[in-house]
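Step one of this worksheet: look at the structure below.
What follows draws every value from the coordinates through simple rules; no lab data is involved. Worth saying up front: this structure is predicted, and the values here are computed from it rather than measured. Because the Cβ atoms are built from the backbone with ideal geometry, glycine has one as well, and the counts that use them run over all protein chains shown.
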Amino acid sequence: MKARLVLASVIIPLGLIIAAVPENTTKPYKLTAEQLLDEVKSGTQFIGPEEVADMVISKDPSLQLIDVRSAAEYEKFSLPNSINIPLVDILNSEWEGYINQDIKLNVFYSNGTNEANQAWMISRQLGYANNYVLQGGLNYWVETIMNPEAPENGSPNEEILKYNLRKGAGMALGSEASEAAQPVAAPGGAKPPVQKRETKKRVQGGC
Amino acid sequence: MGPLVVYEVISQNTNLLLAFFIGIGFGFVLEANGFSSSRRLAGMFYGYDTTVLKVFFTAAIVGSVGLLFMSLFNWIDLSYIYINPTYLWSTLGGGVIMGAGFILGGYCPGTSFCAASIGKIDALAFIGGMFIGILVFAEGYPLWEGFYNAQFMGAPLLNEMLGASRGMLTLLIILVALGMFWIGEWAEKRFSRDDYKLNQ
Amino acid sequence: MNQRRYMNPYLGGVLLGLVLIVAFWVSGRGLGASGAAKSTLVAGMKTIAPGHVENTAFYKDYMETHTNPLNDWLVYQILGVVVGGFLSGAIAGRLKFKVEKSPKITNKTRLLFAALGGVFFGFGSQLGRGCTSGSALTGMAVLSVSGFLSMAAIFGTAFGLAYFARKLWL
């Protein structure tokens, strides 16, 4: 009799509190410094410019390019269909829906890779998935996609294939280069598959 | 931050070792509350002893309040805990069969192991029967496979269905549970038996 | 009756709830029992009739997710339950071989019905994907729909059939 009242007087207030406070939906910080370092070292966050260019050309709807440079730089030059989230604003709740999602493949880019990497590290620590960094940044992009250097004659087929791919991408994206692509001996270039980051699974359980 | 095994704070093997200690706690509490006595368990269905109701629902409300508070303090990530999937018909059908087994046998699986540990011979008979039941299910699986997998609904939460927050639903369950405890204590007086001493 | 009294049920419930929370915090899953029986059964069948296990859908499905059926969370947990129950019984002086029953029925009847109840429970726990602890208690604590459904089905049926089984208990 008495025990029930004791229980009630403790559990009802607790129940009221838990009913009143909003549910905790924030993702906790998940990685230790070592784990993050391992990821950075292994470079799994990088996605190559060819792959990105390919997705841009085919208008792959799953691609979301995110320019993390300042708004002024973004105005001057940006990749097609990219959005601008300056690094300083990355934690702004306005952008959370873009960065914390599991539908699109986000690719951060900056001039080099520094700022994009910083954005990636922040998003990674927040436990967000599907965020990647454009390898080499815009500088490398311009170098390889927009103005690819023709390989020397007698280069391995792979080199030529890569060049053609870049060439085609560059033209589709409107670079000035107008030379015809070199013929390739080997048919068809295999597109590297997009890495899907493995997410933690729910615990298996049950009776 | 938990669950510890998901966050790799502990290894899979440590997890299994800790399962053993969690089991000790589980078994100890069950036995200390008299869940090792089939007459006590069955008493719930005749109203002369509603301990099962009290322990069961107190544990459920403490569990759900506790989990929500742990989530609130960022001690556990509720998105990684196991949620039982709902297969509407087999959940209900299985529950009905288990209910029949409960009233006939006087134990449920957990309590039968606990009762067997203190020497209840009827619990051993129950465990033996349980193996036969699982064997029958396994051997005849193709016969009820369709029913077993019918009406799969994913792993929904009741509060999502009701459109309430977890906290609101928990508060509601607390109030319902306390109401049931009150009825239970009334029933214990109303249906008390001369040949059964309510021991608590 | 020189055995000690049982714990207050509300205190017991709070403690059981805490055990449940610890299980979730450590392993991300709740308590269970019937799954351990299933694992043991599959392990047994594998030893007795390995060919049969390979050809039967149910065992095959199970073996796909478990390389060694006995190396399972629930098996270790149930071993703990046996130890924990024994400890509590030993402390309270309740260790005794006996058949507990209503004074009006024979031992044989009780054992027969206990085994029959076990058969039902074994079958039902597999069909319902969990027993009272694994599905109803744990499921309710995480507010899963299946937890409430199985709780209602188990206790509803038991209440409904209580009248017909009254000779066994009253």
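Couple of notes before you dig in:
- Entry note, chain C: relative contact order of 25 percent, from Cα contacts under 8 Å with a spacing of 6+ residues.
- Most fluctuating residue given options B:Ala164, B:Ala177, B:Ala123, as computed from a GNM of chain B linking Cα atoms under 10 Å: B:Ala164
- With 22 Å as the limit on Cα-Cα distance, the pairs of B:Lys54/C:Lys98; A:Lys104/A:Lys162; B:Lys120/C:Lys101; B:Lys54/B:Lys197; B:Lys54/C:Lys38; C:Lys38/C:Lys101 that go past it are B:Lys54/C:Lys98; A:Lys104/A:Lys162; B:Lys54/C:Lys38; C:Lys38/C:Lys101.
- Prolate/oblate/rounded label for chain B (Cα gyration tensor, a/c 1.5): rounded
- For segment A:30-98, the list of trypsin sites (Lys or Arg not before Pro) that fall in a loop by DSSP and count at most 14 other C-beta atoms within 10 angstrom reads A:Lys59.
- Normalised contact order of segment B:84-156, rounded percent, pairs of Cα under 8 Å and 6 or more residues apart: 62 percent
- The aspartates and glutamates whose alpha-carbon is closer than 13 Å to the alpha-carbon of A:Lys59, local same-chain residues fewer than 8 away aside, are A:Glu51.
- Calculated from backbone phi, Karplus (6.51, -1.76, 1.60) coupling profile of segment B:48-57 in Hz, x at Gly/Pro: 7, 8, 9, 3, 4, 4, 5, 5, 4, 6
- Applying both filters, DSSP loop and at most 15 other Cβ atoms within 10 Å, to the trypsin sites (Lys or Arg not before Pro) of segment C:1-94 gives C:Arg4, C:Arg5.
- Low-density loop positions, chymotrypsin sites (Phe, Trp or Tyr not before Pro), segment C:87-160 - DSSP coil, at most 15 other Cβ in 10 Å: C:Phe97
- Take every DSSP beta bridge whose two residues both sit in the protein assembly as shown; close to 10 percent of them are antiparallel.
- The label-point distance for A:Ala150 and C:Thr47, in a model that sets each label 7 Å from Cα toward Cβ, rounds to 7.6 nm.
- Charge tally in the Cβ shell below 13 Å around C:Ala57, where Lys, Arg are +1 and Asp, Glu are -1, C:Ala57 excluded: -4
- Shape of segment C:1-145, Cα gyration tensor, a/c cut at 1.5: oblate
- Listed by Cβ neighbour count within 10 Å, with the fewest neighbours leading, B:Trp186, C:Trp73 appear as B:Trp186, C:Trp73.
- When the convex hull of its Cα atoms is viewed from all sides, segment B:84-156 shows a mean projected area of 5.4 nm².
- An oblate overall shape is assigned to segment B:41-99, the ratio a/c of its alpha-carbon gyration tensor axes (a ≥ b ≥ c) being 1.5 or greater and a/b not exceeding b/c.
- Candidate aspartates and glutamates - alpha carbon under 15 Å from C:Lys108, same-chain residues fewer than 8 apart omitted: B:Asp122, C:Glu100
- 5 angstrom amide H check on A:Tyr132, placed H, neighbours 5+ away: A:Asn106, A:Val107, A:Phe108
- Förster radius 25 Å - calculated FRET efficiency between A:Glu159 and A:Glu39 (Cβ-Cβ, nearest 0.05): 0.25
- Between B:Arg190 and B:Leu143, the FRET efficiency estimated from the beta carbon spacing at R0 = 41 angstrom works out to 0.40.
- Share of alpha-carbon pairs per 10 Å distance bin for the protein assembly as shown, given as whole %: 3, 15, 22, 19, 13, 11, 8, 5, 2, 1, 0
- Spin-label proximity, A:Ser70 to segment A:96-123 - amide N less than 17 Å from point 7 Å beyond Cα toward beta carbon: A:110-112, A:114-116
- Mean separation of Cα pairs under 8 Å and 6 or more residues apart, divided by the residue count, gives chain B a relative contact order of 33 percent.
- Surrounding net charge for B:Ile103, when Lys and Arg each add one and Asp and Glu each subtract one, Cβ distance under 13 Å: +3
- Rounded to 10°, Cα long-axis angle of helix C:107-127 versus longest principal axis of chain C: 40 degrees
- Length gained on full extension, A:Ile122 to A:Glu23, computed as 0.36 nm times the residue gap minus the Cα-Cα distance: 33.3 nm.
- Less than 5 angstrom separates the built amide H of B:Gly2 from those of B:Ile76, B:Asp77, all sequence-distant by 5 or more or on a different chain.
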